[in-house]
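Read-outs: derived from the displayed coordinates by stated rules, not from any lab. Being a predicted model, the structure only gives us computed values, none of them experimental. Reconstructed Cβ throughout: ideal geometry from the backbone, glycine too, with neighbour counts over all protein chains shown.
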């Protein structure tokens, strides 16, 4: 059984930013309520994932010795 491999055309940061933007746009069009709050939370989590990826890939990090 072979794994299906996909060549990404955009960077992880770009995909995360696009996903957060789409989720936020959808949530803003919804009426106030639990579902909208959950979608806004998901957008914030996606933004956080993007920031963490930036931090982890920064040249300032040094491997443990």
Tilt relative to the chain, helix 12-28 - C-alpha long axis, 0 to 90 degrees, to 10: 10
Treat the count of other C-beta atoms within 10 Å as a stand-in for reagent exposure and order 41, 36, 3 from fewest to most. 3, 41, 36
Helix axis angle, 34-56 relative to the chain longest principal axis, alpha carbon, degrees: 20
Starting from the 7 Å offset along Cα-to-Cβ, what nm value, one decimal, do you get for the label separation of residue 42 and residue 29? 1.4
Determine the gain in length on full extension of the stretch residue 51-residue 19; use 0.36 nm per residue of separation and subtract their C-alpha separation, reporting nm with one decimal. 10.1 nm
Square roots of five times the Cα gyration tensor eigenvalues for the chain, Å: 29, 19, 11
